[in-house]
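Worksheet for the structure shown next.
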Amino acid sequence: MNGPEIHVEFAPDLALFVRAPHRTLVTDGVSSLGHVVESAGVPLTEVGALWVDGREVPTSYVPAAGDRVEVRAVERPQRVPDAPLRFLLDVHLGTLARRLRLLGVDTAYESTDIGDPALAARSAAEKRVMLSRDRGLLHRRELWAGAFVYSTRPEDQLRDVLDRFRPELHPWTRCTACNGLLREATKEEVADRLEGGTQRSYDVFAQCQECGRAYWKGAHHEQLVAIVERALGEFPGRG
């Protein structure tokens, strides 16, 4: 490009995406500021506001020579308008999907790689916030909404999503396998899904209304309780 030069300052929270927080960029004189920011490596899902010479501008603004641009990070908690808050996770975030479902958060998950175009289309069709570590996916225009998952550790991923979006938490109400809603069930209703030892040892069950999976307080229940209690403790007023 051989056009107007602009001076850009990126928020510290965006350091993962840019090599230097202060940069002079040469634009083509016709591209929008949103396009320029994305070309610098920052998905617009992570941009809270764009300011030029002290005034907020839309992503469609075409920068002029000498503009001083401030790229701010998303403010937290982030409000998602126009639809109930619910998520879509790609194939790499299975553990995070199960933990969000454990907390009662409406979370769709693709267990196979269906490709970025299909994921973006589902996000748009179902009005779900796309959560991913794939920067290319988050650049797709078809997305209804999206967010980059910054950590590779499930505990940190969960804390980050809860802090950023503050979803309503309703633990123990969703199937961790398929996202369906759970209902109380008798031992007789789920008997065909239980092994002999489980039938003898447990009397309280729940069952998914979608896939039929049975739940009880088994060997891993204490670990799940710890996840739930930690989430409710860090984000009081939810649940």
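Couple of notes before you dig in:
- Cβ-Cβ contacts under 6 Å between residues 6 or more apart (or on different chains), taken from a first residue in the range 118-132 that is at positive phi to a second residue that is open to solvent by 20 Å² or more (accessible area, probe 1.4 Å) and of a type in the set (Phe, Trp, Tyr), are listed as Lys127/Trp144.
- Out of Arg122, Arg133, Arg140, sole residue that is open to solvent by 10 Å² or more (accessible area, probe 1.4 Å) and over 17 Å from Phe17 (Cβ atoms): Arg122
- Subset of the range 22-77 [within 19 Å of the chain's Cα centre (by Cα) and of a type in the set (Val, Ile, Thr)]: Val42, Thr45, Val47, Val74
- Residue in the range 77-99 that is free of Cβ contacts under 8 Å to residues at least 40 places away in the same chain, more than 30 Å from His221 (Cα to Cα) and touching a strand residue (DSSP E or B) at 6+ places or on another chain (Cβ under 6 Å) present: no
- Here Gly41 clears all of (1) small (Gly, Ala, Ser); (2) touching a residue at least 60 places away in the same chain (Cβ under 8 Å); (3) in a helix (DSSP H, G or I) except the condition numbered (3).
- Looking across the range 23-43, the residues that are of a type in the set (Val, Ile, Thr) and either loosely packed, with under 14 Cβ neighbours inside 10 Å or more than 18 Å from Val74 (Cβ to Cβ) (or both) come down to Thr24, Val26, Thr27, Val30, Val36.
- Residue in the range 44-72 that is nearest to Val26 (Cα to Cα), counting only those that are assigned to a strand (DSSP E or B) and open to solvent by less than 40 Å² (accessible area, probe 1.4 Å): Val69
- Test: residue in the range 159-166 that is on the phi > 0 side of the Ramachandran plot, at pLDDT 95 or above and either open to solvent by 70 Å² or more (accessible area, probe 1.4 Å) or in contact with a helix residue (DSSP H, G or I) (Cβ under 9 Å, 6 or more places away or on another chain) (or both): yes
- Sole exception among (1) touching an Asp or Glu at 6+ places or on another chain (Cβ under 9 Å); (2) within 21 Å of Ser132 (Cα to Cα); (3) part of a loop (DSSP other than H, G, I, E, B) for Glu75, by number: (1)
- Evaluation of Lys127 against (1) under 14 Å from the mean Cα position of the chain (by Cα); (2) within 30 Å of Ala226 (Cβ to Cβ) (one fails), failing number: (2)
- Output for the range 192-218, where each listed residue is among the hydrophobic types (A, V, I, L, M, F, W, C) and either touching a strand residue (DSSP E or B) at 6+ places or on another chain (Cβ under 7 Å) or modelled with pLDDT of 75 or more (or both): Leu194, Phe205, Ala206, Cys208, Cys211, Ala214, Trp216
- So Leu169, is it in a loop (DSSP other than H, G, I, E, B), at pLDDT 95 or above and not aromatic (Phe, Trp, Tyr): yes
- If you go through the range 10-22 and pick out every residue that is exposed (fewer than 15 other Cβ atoms within 10 Å of the Cβ) and in a strand (DSSP E or B), you end up with 1.
- Which numbered condition Val80 misses (of (1) closer than 22 Å to Met130 by Cβ; (2) open to solvent by 60 Å² or more (accessible area, probe 1.4 Å); (3) in a loop (DSSP other than H, G, I, E, B)): (2)
- Top-ranked residue in the range 84-93 [being in a loop (DSSP other than H, G, I, E, B) and touching a helix residue (DSSP H, G or I) at 6+ places or on another chain (Cβ under 9 Å); ranked as least open to solvent (accessible area, probe 1.4 Å)]: Asp90
The values are calculated or read from the model by the stated rules, or taken from the named source; none is laboratory data. Here the structure is a predicted model, which is why all the values come from computation and not from measurement. When we count neighbours, we look across all protein chains shown, and the Cβ atoms used for this are built from the backbone with ideal geometry, even at glycine. The protein model used for the area step is the full one, side chains on, heavy atoms only, and it has no ligands, DNA or RNA in it. Shrake-Rupley method; radii C 1.70, N 1.55, O 1.52, S 1.80 Å.
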